[in-house]
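To start, the structure itself, in structure tokens.
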There are 2 protein chains.
Amino acid sequence: MTVAFKQQSADRLQESLALVQRLLERQRQLEDLVSRPEASEPPTDPLAPHYNLEALRLKLEQLHPADVAHILEALPLEDRLLVWDQVDGARDGAILLEVSDAVRESLIEVMEHGELVNAAEQLDADELAELAPDMPRQVVYEVMGGLDEEERAQLQSALSYDEDKVGALMDFDLVKIRADVSCEVVLRYLRRFDELPAHTDKIFVIDDLGLLKGVLSIRKLLVSDPDALVAEVMATELVSFSPDEDAADAALAFERYDLITAPVVDEAGKLIGRLTVDEMVDVIREESDSEVLNLAGLKEEEDLFAPVIDSVKNRWAWLAINLCTAFVASRVIGVFEHSISQLVALAALMPIVAGIGGNSGNQTITMIVRALAMGQMQLSQAWRLWRKELRVSMINGVLWGGVIGSVAWLLYGSFSLGLVMLGAMLLNLMLAATMGVLIPCLMQRSGRDPALGSSVLITACTDSGGFFIFLGLATLFLL
Amino acid sequence: MTVAFKQQSADRLQESLALVQRLLERQRQLEDLVSRPEASEPPTDPLAPHYNLEALRLKLEQLHPADVAHILEALPLEDRLLVWDQVDGARDGAILLEVSDAVRESLIEVMEHGELVNAAEQLDADELAELAPDMPRQVVYEVMGGLDEEERAQLQSALSYDEDKVGALMDFDLVKIRADVSCEVVLRYLRRFDELPAHTDKIFVIDDLGLLKGVLSIRKLLVSDPDALVAEVMATELVSFSPDEDAADAALAFERYDLITAPVVDEAGKLIGRLTVDEMVDVIREESDSEVLNLAGLKEEEDLFAPVIDSVKNRWAWLAINLCTAFVASRVIGVFEHSISQLVALAALMPIVAGIGGNSGNQTITMIVRALAMGQMQLSQAWRLWRKELRVSMINGVLWGGVIGSVAWLLYGSFSLGLVMLGAMLLNLMLAATMGVLIPCLMQRSGRDPALGSSVLITACTDSGGFFIFLGLATLFLL
């Protein structure tokens, strides 16, 4: 996008959103008045809704595509589609790139074939690759036919990688130079561009075969002697990425080294593209989002205003899993029904043991999942960490077990019931610490995402385990 | 930092970490052998531990400060301090900037006054401001005394803002020019620098009073006619930040507009600093980290290898809160002890109702907290979203309530028990949806962070509520 739209701060963006909402509200009122003229005292101008929409269109035209995207995401479906209708078709592509996956689907659904082709044709190969999975196949083929050979190869390459790989996120818009020219020549060469690729903070130095030899930072270029050769001022100690590397690993490297752009090379060392920090920021955001969502048992980002049925489907799977684990816990209690019927206080006290165990286990598992994701923990340290977590849980177990055991003693007048409560708390917290280390390590070892399902699994262990330990101890010692 | 250290990919970093760990392991063995010579068959070279440490020192010297920081974070405390001892003192400051807060504290604790002053003296004012809160006061004063007037003013300004404000994160290292000079003059001016400030992607254009007039992007400068005036090629439609704006809002703007740097201006429009994308990436990472940690009931980032007592303290508060809420739920059950003693199946079934409610409520609350944090939802929409969430929960309630109600019917042979189960599931999921919308909206309205404690609060509602609804319905209709 060459046009510079006004950027605005958070407050101003909220004001823009509020204005759009007022215009939408007014639109509904006006349409209502015009369609039912008898209801309005003075006759309404039949063109009023038209003028109002025009005002909305003007407002949208002034907004940055990312801001339009933000507004679309914040609107309920019908309002969103009305706004989308008012957006200039020439900006559809840029805006579709900015919205979240869920909202993108809702917009593409209502667009016609021609509109989609138009939107897609405005995009670069790497941008197209980002949209392609959500587009109807027919549209992708048609747009592909209009690309030149190089772009088509780039698009196909980008589409051949999983979306969490570097290859799917790299772009192809980069400036290449040779090492044997002077900085003066490079500056003259750059001046021939109409515009340098976005985020250009360095120029890539390649040889005759296209192999990456180094990078020339623009900051360095600007302060260097114009007669100096690129080979003399370029940096060679740099990180480059391979297209089938995990995007999350690349994002961590961007964070570590404060990178703006970085080269992507194939196995032979040939430069094939570059990564930019804006894509990496999105990776970091998506990664942490999916961590939070997974913990809550949401499959993927859900559009806030999604139709009820879509929301039900998104939340379905984990509720079902949770139902199964809750059923298992229920059967554990079922085994001890005889004990409970003899001492009904057990029923009231058992959820405390299970609940604290779940909370404590979730604390441990969150620490471990985080450390594994950031590469700060190796599986070889699991043993050491387990011993530490066990000690933490024993202190908490004795402490809080003592508190709640005393309360149980006072409440039910049975000292041995208090002791059983203390013992059960201690053992369940130790179980929580053990499973909190074990579950994510086993997941990691088997190549799965340690975050996924961790919370449900640990809660299942501490629920069933807590009920079993508490009711078991009570049956042994109290009855 | 002007020295360029080798950057390495995720795999290479893991190899470096493994090498350091091997050297540390060997060090322990060697020291053991030397101190107990009778145990070793061939006499050990008494200098062997020294040479081994030297190898460690050499390895560390080659590593980027960010990589040393990563390794320090991944090591248990005693190993970490041994490695820290081998790090060249001249790099202490750069490394302290990169490590997490928890690890930074552990390192500063063992450093002597002189070492700390040395480390701090290597830093710019904005970097110093980042470390200052963790440093002993005496060190900060001593270093402050060595700063020139401008730097001291910058440091004091940065320290005067909360650490989550733009003012605390901005840096002062920027290039300023006037609008009435030609691009050629700007290029000549830049060439006089030894090095341009990190991340320089734009130059700030100010007037005689220091007021920000626009920015000249380096990309634009490189392709512009050397004779063109800065005023003709600079951009004026840009976002600038105020020092007391939330850093999280600024980070969202960096994400929206794919910014690398952005100006910070005071109320009068005077340029006082700039924000850079690397700081914003840290803000995004920290923000999402604290979201995950808060959900799990961890107060702040905890060092993986923290002493047991520190971990206990960090997890203390939320376990105590959880204990209280669990106790309330237990008392709710206590009220119905008579019902349970008559129909002990209730004790086995009640955790299912509470558990599914908790899971469902956490799904809703995660959605709402997220939408509020991203500015995608206004409080005015709470009503609309509540109706939607209620519908989702009703579908899930009838569905899963039907399933588990049927199971209860089959298991215990009582159709009315199944019906009570269905009714309780439905009502508890509706309660979960209601509280899932209400809690974060009330927190936001009262100016608190909607994420903090949300999960504990919703679970408290669905536990106590679930037990009350289920046991209440059972008492009414079954007994």
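The values are calculated or read from the model by the stated rules, or taken from the named source; none is laboratory data. In this text the structure is predicted, and so the values were computed from the model without any measurement. Neighbour counts run over all protein chains shown; Cβ positions are idealised from the backbone, glycine included.
Points to keep in mind about this one:
- Flag for A:A348 being buried (at least 19 other Cβ atoms within 10 Å of the Cβ) and at the interface with chain B (Cβ under 7 Å from one of its Cβ atoms): yes
- Some residue of the range A:377-395 being closer than 30 Å to A:L298 by Cα and in contact with a Lys or Arg (Cβ under 8 Å, 6 or more places away or on another chain): yes
- Of the helices (runs of 4 or more DSSP H) lying entirely inside the range A:134-228, those carrying at least 3 residues that are within 14 Å of chain B (Cβ to nearest Cβ) and within 25 Å of A:L259 (Cα to Cα) are A:183-191, A:218-223.
- Some residue of the range A:101-111 being touching a helix residue (DSSP H, G or I) at 6+ places or on another chain (Cβ under 7 Å) and outside any helix (DSSP H, G or I): no
- Residues of the range A:229-269 that turn out to be more than 19 Å from B:D282 (Cβ to Cβ) and in a strand (DSSP E or B), as a count: 7
- Residue within the range B:400-409 that is free of Cβ contacts under 8 Å to residues at least 12 places away in the same chain and facing another protein chain (nearest Cβ under 8 Å) present: yes
- Residues located in the range A:275-290, provided they are assigned to a strand (DSSP E or B) and at the interface with chain B (Cβ under 10 Å from one of its Cβ atoms): A:T276
- Across the range B:116-130, not a single residue is classified as within 18 Å of B:Q21 (Cα to Cα) and either assigned by TED's automatic domain parsing to the domain that holds B:Y51 or without any contact (Cβ under 8 Å) to a residue 12 or more places away in the chain (or both).
- Set A:L419, A:L411: member being at pLDDT 95 or above, assigned to a helix (DSSP H, G or I), out of contact with any Leu (no Cβ under 8 Å at 6 or more places or on another chain) and surrounded by fewer than 19 Cβ atoms within 10 Å (Cβ to Cβ): A:L419
- Unmet criterion (only one of (1) facing chain B (nearest Cβ under 9 Å); (2) crowded, with 17+ Cβ neighbours inside 10 Å; (3) more than 29 Å from the chain's Cα centre (by Cα); (4) under 30 Å from B:L72 (Cα atoms)) for A:W386: (1)
This table checks each residue for (1) within 28 Å of the chain's Cα centre (by Cα); (2) assigned to a helix (DSSP H, G or I).
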| residue | (1), (2) |
| --- | --- |
| A:A424 | no, yes |
| A:L429 | no, yes |
| A:T434 | no, yes |
| A:R448 | yes, no |
| A:V456 | yes, yes |
| A:A474 | no, yes |
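- Whenever a residue of the range A:250-266 is not assigned by TED's automatic domain parsing to the domain that holds A:E279, it has no partner that is of a type in the set (S, T, N, Q) lying with C-beta atoms less than 6 angstrom away and at least six residues away or across chains.
- Residues within the range B:294-316 that are over 14 Å from A:V392 (Cα atoms) and not basic (K, R), tallied: 6
- Qualifying residue in the range A:341-349 (condition: without any contact (Cβ under 8 Å) to a residue 40 or more places away in the chain and among the hydroxyl-bearing types (S, T, Y)): yes
- Screening A:L75 against (1) modelled with pLDDT under 90; (2) assigned to a loop (DSSP other than H, G, I, E, B) leaves a single unmet condition, (1).
- Subset of the range A:252-274 [more than 9 Å from chain B (Cβ to nearest Cβ) and either surrounded by 16 or more Cβ atoms within 10 Å (Cβ to Cβ) or among the small types (G, A, S) (or both)]: A:T261, A:P263, A:V264, A:V265, A:D266, A:A268, A:G269, A:L271, A:I272, A:G273, A:R274
- The residues of the range B:322-344 that are assigned to a helix (DSSP H, G or I) and more than 7 Å from every other protein chain (Cβ to nearest Cβ), listed by number, are B:C324, B:T325, B:V328, B:R331, B:V332, B:V335, B:H338, B:S339, B:Q342.
- Candidate set: the range A:190-217, residues that are farther than 16 Å from A:G269 by Cα and over 32 Å from the mean Cα position of the chain (by Cα); chosen: the one surrounded by the most Cβ atoms within 10 Å (Cβ to Cβ): A:L216
- Count of the range A:425-479 residues which are among the charged types (D, E, K, R) and in contact with a Lys or Arg (Cβ under 9 Å, 6 or more places away or on another chain): 0
- Test: residue in the range A:133-144 that is under 23 Å from the mean Cα position of the chain (by Cα), in the same structural domain as A:Q86 (by TED's automatic domain parsing) and either under 28 Å from A:K270 (Cα atoms) or of a type in the set (K, R) (or both): yes
- Remark: A:Q342 falls outside the filter, which requires a residue to be at pLDDT below 95 and touching a Lys or Arg at 6+ places or on another chain (Cβ under 7 Å).
- Here A:F327 fulfils each of the conditions (1) out of contact with any Phe, Trp or Tyr (no Cβ under 9 Å at 6 or more places or on another chain); (2) in the same structural domain as A:G358 (by TED's automatic domain parsing); (3) within 17 Å of B:A432 (Cβ to Cβ) apart from (3).
- Of all the numbered requirements in (1) more than 8 Å from chain B (Cβ to nearest Cβ); (2) more than 24 Å from B:V369 (Cα to Cα); (3) modelled with pLDDT under 90, A:L238 misses one, and that requirement is (1).
- Residue that is surrounded by the fewest Cβ atoms within 10 Å (Cβ to Cβ) [pool: residues in the range B:291-308 that are more than 8 Å from chain A (Cβ to nearest Cβ) and at pLDDT 80 or above]: B:P307
- When residues of the range B:53-79 are limited to those that are surrounded by 19 or more Cβ atoms within 10 Å (Cβ to Cβ) and of a type outside the set (A, V, I, L, M), the one farthest from B:E98 (Cα to Cα): B:D79
- Any hit, the range B:336-343, residues being within 28 Å of A:L457 (Cβ to Cβ) and either buried (at least 20 other Cβ atoms within 10 Å of the Cβ) or among the small types (G, A, S) (or both): no
- Single unsatisfied condition, B:A248 versus (1) at the interface with chain A (Cβ under 7 Å from one of its Cβ atoms); (2) within 30 Å of B:L174 (Cβ to Cβ): (1)
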